[in-house]
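Encoded as structure tokens, the structure appears first; notes follow it.
The values are calculated or read from the model by the stated rules, or taken from the named source; none is laboratory data. Being a predicted model, the structure only gives us computed values, none of them experimental. Neighbour counts are summed over all protein chains in view; Cβ atoms, including those assigned to glycine, are modelled from backbone coordinates with ideal geometry. The area values use the complete protein model at the heavy-atom level, side chains included, leaving out ligands, DNA and RNA. Shrake-Rupley method; radii C 1.70, N 1.55, O 1.52, S 1.80 Å.
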Amino acid sequence: MSQLFNGRKSRSAENMKGAQTRRGLLFLVAAATWLALMVGDMLDARSYFGDVDDVLRKVQIQQLLAHGHWFDLTIQGVDMPGGYVSSWSRIVDLPYVILVKQFALALPEAQALHFSLALWPCVLGLLFCWTWVNTAVKLGGSQVKLRPIHIVAAFAIMPFSLWEFSPGRIDHHNVQLVALIVLCLGLATRSRTGGAIGGLCVVVSLCVGLELLPVIALLMLGLSLAWCFNLSNSRDLQLGFCLGLIIGLSLSPLSRGFDSLISAECDVFSAPFALALAGYAAITSLAVFYLAGCGPLVRLCLLIVSGSFLIAVIFAAYPACLNGPYGFIDPTVKSLWLDRVQQEKSVLEFYRDDELFKVILLIPLPIALLAALPFVLRRVREKDVVAALLWSAALSLTLLAIFQTRYIRFPAALTMLFLPIVWQELEEQKKLTAKLAGISAVSVVIAGLYGAWRFPVQPFRPDVVDYLSISFCKWSATQVKADIPPGRIIMPMGDGLMMLEQMPDGLTINAIPFHRSAEGMRLMYDFFAANDEGKRRAASEPFDYAAVCRAPILPSIPNDTVFAALGRGGSWPGLEPVLDDAARGLRVFRINHTKFR
């Protein structure tokens, strides 16, 4: 008997070791595929998604290294007038600061920073690959065998997710992607520990940025519904999830400080969002303990009543948040800046901007989701909630990406978890899966072709306002050398952001292309783009200098604005030349307020 028991134990250990080895090999395939995509992304020495967020994040890290004040999120060098307080979390800054400190033991700080900014996104990329593989294995379970070809195909469809891990891509989206996929892995373990990991990831994701709030709310709702209807492991997942939320909330002041946490800042993780998570944890955990003997309908009704009361309290206490994260932006700034930003628009903008490859990479997502629906429904009938939760999150992210393209980096990371399942069911010739895949493929392709016909390419015809968001100077790593007395500079925000790193001591700029700089943007538009002399003069009053970069301005743009005149190399009444840096193309003028027109 003991020999039989030992034999079974030995075979079990061998099977476990074999499964771990196989997962290790699958991880290597994932890592190699990601590396190939990353190399393709960096062929021109910059990431496809590299943008102004990376520039400002680098400035924020540099200033933290210089002054060492963890909770001081004021970006030095910006005076709108009034300081610019960053909306970003120190959670993202922390690894870079640690790496710089370590590399600085052997390298100059500038090189240490350079290597840190290149290395950490790659570390996150490897973590993403490992987590994605394990989540795909657990999602499919014993019914689906994950193969290398599945990983290669899935990763080939999700470059918009994987390019977030390219060297130098230091914005917060890669942290959000890792938090999202670790959350999915936690749920896929179907355990209390996994639930706790998921709850902690929710807080991390929201502290880093609020983009995934709709999906997180959906997952939390789905988890509660699973408990109401007593699906498998739902109790353990729910209790673990609440524990993770409590742990995360207790640590969340480290993100931006306790003062920020108890304030009502609707564009960052603050009091209303913390109250929502704390209320959810309290209501659902109490329900699990005290409503265990109640039926599904009673559970559901009580959760609906208590949840509605919580939502009503939050909106009554923080009504400004009903206007969203951008509610405080001046209507003029919204129309001249925010409404022109591509990521705030739908996928139709990809047609107009001749970026059809983005549409093509979105096409497989609804096909995979619809084809995976039979598998998800089978799992629900088996009282397993995990597939339904992940499928719902993937669907919501896909819809969000269609209607607002800022989400384009997220949906494929979750949707492609279902690709191995669909692939295997098609190989097994399951009729419903094949029928849904065919119907969705034809429908999506027809919709895509209709979009290409209905929304033709529109050549970009910039006006003077568009120029203010673009950087034209040839910025180098060396500081701007200018013998200019201290003062405030008003300049276009595109080049203003680039100048932050190289600002001469005592000088400040008025605006950078971020929503919390809206007040400075309004003055910038009035000064550089307005035809009204009264607006120009009023906008100039807080400032001592004006600066522009020489720009290739189209002949069709009239010379009747300050930017057009100075950008072409001309002059303007009341602006006295102080600096003309030919190497950079930077021009600085002293504002003579009595003569300025």
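Before moving on, here are some points about what is shown:
- When cysteine pairs in the chain are screened for C-beta atoms closer than 4.7 angstrom, the residues that find no partner are Cys122, Cys129, Cys184, Cys201, Cys207, Cys228, Cys242, Cys294, Cys301.
- In the chain, the DSSP-assigned H stretches of four residues or longer account for a calculated mean residue ellipticity at 222 nm of -19000 deg cm²/dmol, using -39500 (n - 2.57) per stretch and the full residue count as denominator.
- Projected onto planes of every orientation and averaged, the convex hull of the alpha-carbon atoms in segment 197-334 covers 8.7 nm².
- Of the chymotrypsin sites (Phe, Trp or Tyr not before Pro) found in segment 58-111, those in coil by DSSP whose Cβ has at most 15 other Cβ atoms within 10 Å are Trp70, Phe71.
- Placing a label point 7 Å from the Cα of Ala441 along the Cα-to-Cβ direction, the residues of segment 347-378 whose backbone N falls under 17 Å of that point are 360-374.
- Selection among Pro108, Phe350, Trp132 by position relative to the dipole of the chain gives Trp132 as farthest towards the positive end (Cβ unit charges, Cα centre).
- Taking the chain and dividing mean pair separation by its residue count, relative contact order in percent (alpha carbons under 8 Å, at least six apart): 13 percent
- Note on surface exposure: His69, His593, His172 rank His69, His593, His172 by accessible area, highest first, 1.4 Å probe.
- Each principal axis of the Cα atoms in segment 278-434 has its own extent, and those three values, largest first, are 58, 55, 18 angstrom.
- A crude spin-label estimate for the pair Arg378 and Val123, with each label 7 Å from Cα along the Cβ direction, gives 4.1 nm.
- FRET efficiency, Asp505 to Phe357 (Cβ-Cβ, R0 51 Å, nearest 0.05): 0.65
- Taking the 1.4 Å solvent-accessible surface of the chain as the whole, the part contributed by carbon and sulfur is 65%.
- P(r) of the chain over all Cα-Cα pairs, binned every 20 Å from zero, in whole percent: 18, 48, 28, 6, 0, 0
- Mean-position separation - Cα centroids, segment 526-560 and segment 216-248, in angstrom: 55 Å
- Filter on Lys17/Lys145; Lys138/Lys435; Lys58/Lys101; Lys145/Lys430; Lys383/Lys431; Lys58/Lys334 - keep pairs with C-alpha separation over 19 Å: Lys138/Lys435; Lys383/Lys431; Lys58/Lys334
- Potential extension, Tyr48-Lys535 segment - 0.36 nm per residue separation minus Cα distance: 171.5 nm
- Calculated on C-alpha atoms, the gyration radius of segment 405-494 divided by its Kirkwood radius gives an Rg/Rh of 1.30.
- Residues listed by number, segment 283-297, amide nitrogen under 20 Å from Val313 label point at 7 Å toward C-beta: 283-291
- Hydrophobic long helices, here whole DSSP H runs in the chain with Kyte-Doolittle means of at least -0.5 and Cα atoms spread over 18 Å or more along the helix axis, are found at 2-41, 52-67, 90-103, 109-140, 173-188, 192-208, 213-228, 234-251, 271-290, 296-317, 386-403, 431-454.
- Using a Förster distance of 35 Å, the FRET efficiency for Asp483-Ala104 (Cβ separation, nearest 0.05): 0.65
- Taking a straight line from the alpha carbon of Lys358, these lysines sit under 20 Å away, with near neighbours fewer than eight places off in the same chain left out: Lys345.
- Ordered from highest to lowest accessible area with the whole protein assembly present and a 1.4 Å probe, Glu519, Glu533, Glu541, Glu211 read as Glu541, Glu519, Glu533, Glu211.
- Note on Val341 and Asp72: the extension gain reaches 94.0 nm, defined as 0.36 nm multiplied by sequence separation minus the Cα-Cα distance.
- Magnitude of the charge dipole for the chain, about its Cα centre and with charges confined to Cβ atoms of Lys, Arg (+1) and Asp, Glu (-1), is about 2300 debye.
- Accessible surface for Phe403 stands near 150 Å², nearest 10, in the context of the full protein assembly shown (1.4 Å probe).
- Largest to smallest in accessible area, the residues Thr189, Thr131 fall in the order Thr189, Thr131 (1.4 Å probe, all protein chains included).
- For segment 494-582, convex hull of alpha carbons as volume per residue, Å³: 118 Å³
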